[in-house]
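The values are calculated or read from the model by the stated rules, or taken from the named source; none is laboratory data. Keep in mind the model is a prediction, meaning the values are calculated, not measured. For neighbour counting, all protein chains shown are included, and Cβ atoms are generated from backbone atoms with ideal geometry for every residue, glycine included. Just so you know, the surface numbers come from the protein's heavy atoms only, side chains and all, with ligands and any DNA or RNA stripped out. Shrake-Rupley method; radii C 1.70, N 1.55, O 1.52, S 1.80 Å.
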Amino acid sequence: MWDYTDKVRDHFLHPRNVGDLENPDGMAEVGSMACGDALRFTFKLDETGRIRDARFKTFGCASAIASASALTEMVKGLTVEEAEKITNRDIAAYLGGLPDAKMHCSVMGRQALETAIANYRGVPSPAETDALVCECFNVTGREIEQAVSENNLTTVEEVTNFTKSGGGCGTCHEIIQGIIDRVRSENEVTE
Amino acid sequence: MNAVYLDNNATTRIAPEVLDAMMPYLTGYYGNPSSMHSFGGRVAPVVEEARGQVARLIGASPDEIIFTSCGTESDNTAIRSALAVNPDKRHIVTSRVEHPAVRELCLFLARNGYRVTEVPVDSKGRLDMDACRESLTDDTALVTLMWANNETGVIFPVEEAAGIARERGIPVHTDAVQAVGKVPIDVDSSGVDMLSLSGHKLHAPKGIGVLYVRKGTRFAPFLIGGHQESERRAGTENVPYIAGLGKACELALEHLPDMNGRVRRLRDKLEREITARIPHVKINGDTENRLPNTANISFEYVEGESILLMMNEYGICASSGSACTSGSLQPSHVMLAMGVPFTMAHGSIRFSLSIYSEEAEIDFVVDKLVDIITTLRAMSPFWNNDSRPAAGR
């Protein structure tokens, strides 16, 4: 049985802001039923440009539902620029942490937020413009780069836990390792 | 809150009669059956009585019964023995849907110089008998096929497969851990050479198993040491657990009619009510040839772990073939082998009943499931508010 925090259980059993907003200012659909989790996220701004309301619908496990519920609570009252700074780690931290193998649920929340903001600005989502590395789970190189960089990941297994990439056929493991090596060497240079 | 325990393919409660049968050997009668003194010697007949009780349940003779520590040990012993007595043969035939106790060992052997053929199953989980027949070669050391599948309950035609293999002189092992005690088994007429069973699946404790080895089968022990079990399995006999398993087998034989009558009807009611009251569900597996206690049901547009955790709030215990419950990202290998679409496999739930299951529990589970699936679908982006699947995607 998963070791979920009380906060995860609470957001799973009593999810906040379930549903779809009509005429949203930003919307995103990420994941798919085949991948095992998917999230539709919508938000609406008030006249001052702050996020007035956010809603979600999730297909997925308890931590996927809890992550999406947490995200909708976290963004309310923020400007788009402020919301943009929320990382997957912030979502996990809001929930008191997630099991390692479930970190990808927080990454999906972050991805939905990013895609919804791109949709609001009328620009293509960064995730859509990048090439797929993991075809089994539809994960792009940029998403992997971001997860490695923000979470200081060092192994393919960790990358799989955070992004799902590499969790299927395994043919992308070498590419993932390459991304890890590159990001880590870049970070060493900048640090 | 009382648990509604519908996860009996995972493990079962210890029957009160079994615990009673064990207690003397956990307390006062702690002797070693191999000892020369009568304090130890008096427990030796207990082991032999249990051997007889196990043999009767599966139609074996007592000297064909070897006590082990669990089903996995029995499986490992059988497969490694078949390879050890036939060192020139390097090929194993098994199926794609075996329990990890067989499958992972075969994959390990495949990485260590053996050739392994995993016979496919169809969309109902039925073994491809033609593929099984065609896979046999002069190099085949063993055919190992499960009697019944732990996830779907689908029963393989092991006897037919054994007939084909034996014609070619190839030994046959069956992992019957899920089948023993649920359906009648007669090893003598089945044609199998070795059969594994596990105590904790039939109301004995965890930590006791059996390997049946047909008389005359060439055998190489797995544990080397003392002369216990006629030099076929070293290690001091686990007397209390052996006594418990013997009692459990005696009870299982008595309860076979209840299992195949009342319990089967409860399982059928569970499936009937769920399919009647919840749209977009599918029963997985061959409903013609199936264990009487097992139901594997896919709930479309929702995910299995969420269903399990919501049922958990009501004390309902079951399992899922969803990826999320295992920590792996792939749905169960059984669902994948059957070609169940990912979208269905992620929402698959296994309910497994026992002779202790009651009708009121089934009614309770159905009522709660209706609410749970409604709640989760209302949260699902693939489900519309007017109770229909969403278009597209």
> Inside segment B:117-141, can you point out the residues that are in contact with a Lys or Arg (Cβ under 8 Å, 6 or more places away or on another chain) and either buried (at least 22 other Cβ atoms within 10 Å of the Cβ) or part of a strand (DSSP E or B) (or both)?
Replying inline: B:Glu118, B:Val119, B:Val121, B:Thr140, B:Ala141
> Could you say which residue among A:Gly141, A:Gly168 is open to solvent by 20 Å² or more (accessible area, probe 1.4 Å) and not polar (S, T, N, Q)?
Replying inline: A:Gly168
>> Against the conditions (1) on the phi < 0 side of the Ramachandran plot; (2) more than 8 Å from every other protein chain (Cβ to nearest Cβ), where does A:Asn17 fall short? Just the number, please.
In response: (1)
>> For segment A:23-45, give me each residue that is more than 9 Å from chain B (Cβ to nearest Cβ) and aliphatic (A, V, I, L, M).
In response: A:Met27, A:Ala28, A:Val30, A:Leu45
> Across segment B:27-69, what is the total count of residues that are part of a loop (DSSP other than H, G, I, E, B), surrounded by fewer than 20 Cβ atoms within 10 Å (Cβ to Cβ) and not aromatic (Phe, Trp, Tyr)?
Replying inline: 13
>> Among the residues of segment A:1-38, what is the count of those that are in contact with a Gly (Cβ under 8 Å, 6 or more places away or on another chain) and crowded, with 18+ Cβ neighbours inside 10 Å?
In response: 5
> When the residues of segment B:21-75 are filtered to those that are at pLDDT below 95 and small (Gly, Ala, Ser), which remaining residue is farthest from B:Val177 (Cα to Cα)?
Replying inline: B:Ser38
> Considering only residues of segment B:224-252 that are hydrophobic (A, V, I, L, M, F, W, C) and free of Cβ contacts under 8 Å to residues at least 60 places away in the same chain, which is surrounded by the fewest Cβ atoms within 10 Å (Cβ to Cβ)?
Replying inline: B:Ile224
> Of everything in segment A:46-60 that's away from chain B (no Cβ under 14 Å) and either touching a residue at least 60 places away in the same chain (Cβ under 8 Å) or small (Gly, Ala, Ser) (or both), which residue is most open to solvent (accessible area, probe 1.4 Å)?
Replying inline: A:Gly49
>> Name the residue that is nearest to A:Pro126 (Cα to Cα), counting only residues in segment A:9-47 that are β-branched (Val, Ile, Thr) and at pLDDT 95 or above.
In response: A:Thr42
> Taking B:Arg388, is it at pLDDT below 95 and either more than 8 Å from chain A (Cβ to nearest Cβ) or open to solvent by 20 Å² or more (accessible area, probe 1.4 Å) (or both)?
Replying inline: yes
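Listed here are the residues, each with its yes/no results for (1) touching a residue at least 24 places away in the same chain (Cβ under 8 Å); (2) within 23 Å of B:Leu266 (Cα to Cα); (3) touching a helix residue (DSSP H, G or I) at 6+ places or on another chain (Cβ under 6 Å); (4) open to solvent by 10 Å² or more (accessible area, probe 1.4 Å).
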| position | (1), (2), (3), (4) |
| --- | --- |
| B:Pro292 | yes, yes, yes, no |
| B:Asn296 | yes, yes, no, no |
| B:Glu313 | no, yes, no, yes |
| B:Ile316 | yes, yes, yes, no |
| B:Gln330 | no, no, yes, yes |
>> Among the residues in segment A:133-140, are any within 14 Å of chain B (Cβ to nearest Cβ) and part of a helix (DSSP H, G or I)?
In response: no
> For A:Gln111, all conditions in the list (1) without any contact (Cβ under 8 Å) to a residue 60 or more places away in the chain; (2) buried (at least 16 other Cβ atoms within 10 Å of the Cβ); (3) under 30 Å from A:Ile51 (Cα atoms); (4) not aromatic (Phe, Trp, Tyr) hold save one; what is the number of the exception?
Replying inline: (1)
